[in-house]
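Q: Quick one: this structure, given as structure tokens, is what I'll be asking you about.
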Amino acid sequence: MKQLMQILSEQLSAAFAAAGYAAEYGQVRVSDRPDLCEYQCNGAMAAAKAYHKAPFVIAEDVLKCVGEDAAFTASAVKPGFLNLDVKPAYLASYLSRMAYEGASVPADEQKKKIIIDYGGPNVAKPLHVGHLRSAVIGESLKRILRAVGHEVYGDIHLGDWGLQIGLVITELRARHPELPYFDEQADSYPEEAPFTVSELEEVYPCASEKSKTDEAYREEALKATFDLQSGKPGYRALWQKILEVSVADLKRNYERLDVHFDLWKSESDAQAYIPGVIETLKEKGLAREDQGALVVDVTEETDKKEMPPCIILKSDGASLYSTTDIATIVERMKLFAPDEIIYVVDKRQAMHFEQVFRVVRKADMVAPETKLFFAGFGTMNGRDGKPFKTREGGVMRLERLLDEIEETMTGKIAENRNVRASDAADTARQVALAAVKYGDLSNQAIKDYIFDPEKFTSFEGNTGPYILYTLVRIKSILEKCGEEDKKALLAPQLLPPAGEEEKALMLSLTDFGQVVSDAAHELAPHRICAYIYRVSNECNRFYHGTKILSEEDASRRVSYLALIRLAGQILEKCIDLLGFTAPEHM
Ligand code: ARG
């Protein structure tokens, strides 16, 4: 379905043309002054210069050419604004069509193949809250970009190749030297992993602590990392077990977050491409030696900040995070040839990605039309404004954070008699997830935000639970309606709005498609949050002032029901794009 704003623009453009002015001046937008009108057009002001006429004269000329059957009524206001209101009857027929066809999102003109690199957890380390934002934002972007018709692949890009593995190997070796993985003579290794996930998670922090004070231990871990990367069989076999146990646990955690990856690729997958990368960089004369290390200069004339060279190989020949990211781009180009790669990573890594992007551009490792985009996000802070921690001041594990929010939600829901005891746990989980995700996504991603459990779990205000509550309320009204009404809702006829609240709700619903497409273009889930907050507020305003089920006029009652049902469908689609769902009752 064509967007309402587009219909208004087309009709007004036609009036500009009929009055003898260029049609492009007829672009309509949402009013800056909702107290005066719903939409406005400033085209007459722009046209004034080109036609050497007073804007007000132009506006009046245009008004004379607006047809009787236009979707809007308009007036000219000095110095030359055109103020527009949608005709109630037109709005009713537009929404009847929307209600019948189902609210849809307009597809983007150009269908693109997009890889989103998000999640980015590190194997053998527990997920902590720092990984939450990447997962939540990335998942939502994936869903939004798919909704506008793109072919999107979400890639978790596991960190499975760094020093953390060397540390874990070193610590396991110290604890269990008898394991076959450390026996140079061994030629086969057991099926069963020699640790559980909780043991593994305890090993890493312990090893990491030791390496900070014990230089020899750190050397050993570096050596273990190097040996692993060079293919030492025992270490490779142990690494496989670390991966197995860790990935199973990660899958469980991401499942709980309703976050799903299409690709479970990892840093190690890119290693095969590194020799080729080095060769290309040398061949093209881009790499130079610097104190034994191999670096690529990436400064550009327009740089305002210092841009250090990108280190490709350290002096001991080891590759780095940058090397892996460069090689991953080469791999992705080969396997997918994407039009776009979007990185949803902490904004503190901006410089790293800028270096990587410059290297691959200089070396023609990406097609010139392939877009590389760093969608950096800010830090999740506690109420003290510092990075979010546990009450004891330690790193907050993601699981624990979710447990705590679920617990709060369970308490709130237990007080509510609408929820059956057998559903309470599921409902609490759903609402808790909405609280966490909405709390994050309602902020512009690039900004830091304060994770405030009390605020996020509230049923009032700009929160996930408030949105769900609105939706559940709509569902419960619809459940209560009679058989005749249900039948009439199969081909609903909406009547022109009877009051201001009803019209405001109707207008908000017409914006759905545009909002999703804006969110896709700007990679901005917060736009969808702002939108559903508005729709929810309009819904609540509407049914506070309107008796829906007890309305005696049957066609008006059905019109009301159709309106809130459409609002419910739109809210439901939007929360799906944000990555959460609503319970039946709450
Ligand atoms: N594992 C990294 C970290 O924890 C994030 C990975 C982001 N993606 C990438 N392609 N570098 O910081």
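Q: Criterion first (in a helix (DSSP H, G or I), away from the ligand (no atom under 16 Å from the Cβ) and out of contact with any Pro (no Cβ under 7 Å at 6 or more places or on another chain)) does GLU279 satisfy it?
A: Yes, satisfied.
Q: Right, another one. Scan the stretch 336-370 for residues that are surrounded by fewer than 14 Cβ atoms within 10 Å (Cβ to Cβ) and farther than 29 Å from PHE451 by Cα and jot them down.
A: Of everything in the stretch 336-370, those that are surrounded by fewer than 14 Cβ atoms within 10 Å (Cβ to Cβ) and farther than 29 Å from PHE451 by Cα turn out to be ALA337, ASP364, ALA367, PRO368, GLU369.
Q: Of the residues that sit in the stretch 262-276 and are of a type outside the set (Asp, Glu) and in a helix (DSSP H, G or I), which one is nearest to the ligand (Cβ to nearest atom)?
A: ALA270
Q: Exactly one condition in (1) out of contact with any Gly (no Cβ under 7 Å at 6 or more places or on another chain); (2) open to solvent by less than 70 Å² (accessible area, probe 1.4 Å); (3) modelled with pLDDT of 95 or more is not met by PRO205; state its number.
A: Condition (3) is where PRO205 drops out.
Q: I've got another one for you. Between residues in the stretch 400-421 that are free of Cβ contacts under 8 Å to residues at least 60 places away in the same chain and open to solvent by less than 90 Å² (accessible area, probe 1.4 Å) and residues that are part of a helix (DSSP H, G or I) and of a type in the set (Val, Ile, Thr), which pairs lie under 7 Å by C-beta distance while being six or more apart or on different chains?
A: As it stands, the answer is ILE405/VAL436; MET409/VAL431, since those pairs meet every condition given.
Q: State the number of residues belonging to the stretch 442-477 that are among the aliphatic types (A, V, I, L, M) and under 25 Å from CYS539 (Cα atoms).
A: Summing the residues that are among the aliphatic types (A, V, I, L, M) and under 25 Å from CYS539 (Cα atoms) in the stretch 442-477 gives 6.
Q: Please enumerate the residues belonging to the stretch 42-94 that are among the charged types (D, E, K, R) and under 43 Å from the mean Cα position of the chain (by Cα).
A: Of everything in the stretch 42-94, those that are among the charged types (D, E, K, R) and under 43 Å from the mean Cα position of the chain (by Cα) turn out to be LYS49, ASP69, LYS78, ASP85, LYS87.
Q: A further question on this structure: Would the stretch 404-419 turn up any residue that is part of a loop (DSSP other than H, G, I, E, B) and within 16 Å of the ligand (Cβ to nearest atom)?
A: no
Q: All but one of (1) in contact (Cβ under 8 Å) with a residue 12 or more places away in the chain; (2) outside any loop (DSSP other than H, G, I, E, B) hold for VAL259, so report the exception by its number.
A: (2)
Q: Out of everything in the stretch 144-157 that is touching an Asp or Glu at 6+ places or on another chain (Cβ under 7 Å) and open to solvent by 10 Å² or more (accessible area, probe 1.4 Å), what residue ends up being farthest from the ligand (Cβ to nearest atom)?
A: Here the residue is GLY149.
Q: Applying the selection to the stretch 205-221, what residues are in contact (Cβ under 8 Å) with a residue 40 or more places away in the chain and within 19 Å of PRO177 (Cβ to Cβ)?
A: ALA207, SER211, TYR217, GLU220, ALA221
The values are calculated or read from the model by the stated rules, or taken from the named source; none is laboratory data. Model, not experiment: these values are computed from the prediction. Virtual Cβ from ideal backbone geometry, glycine too; neighbours counted across all protein chains shown. For the accessible areas, the whole protein counts, side chains as well, though only heavy atoms, and no ligand, DNA or RNA atoms are used. Shrake-Rupley method; radii C 1.70, N 1.55, O 1.52, S 1.80 Å.
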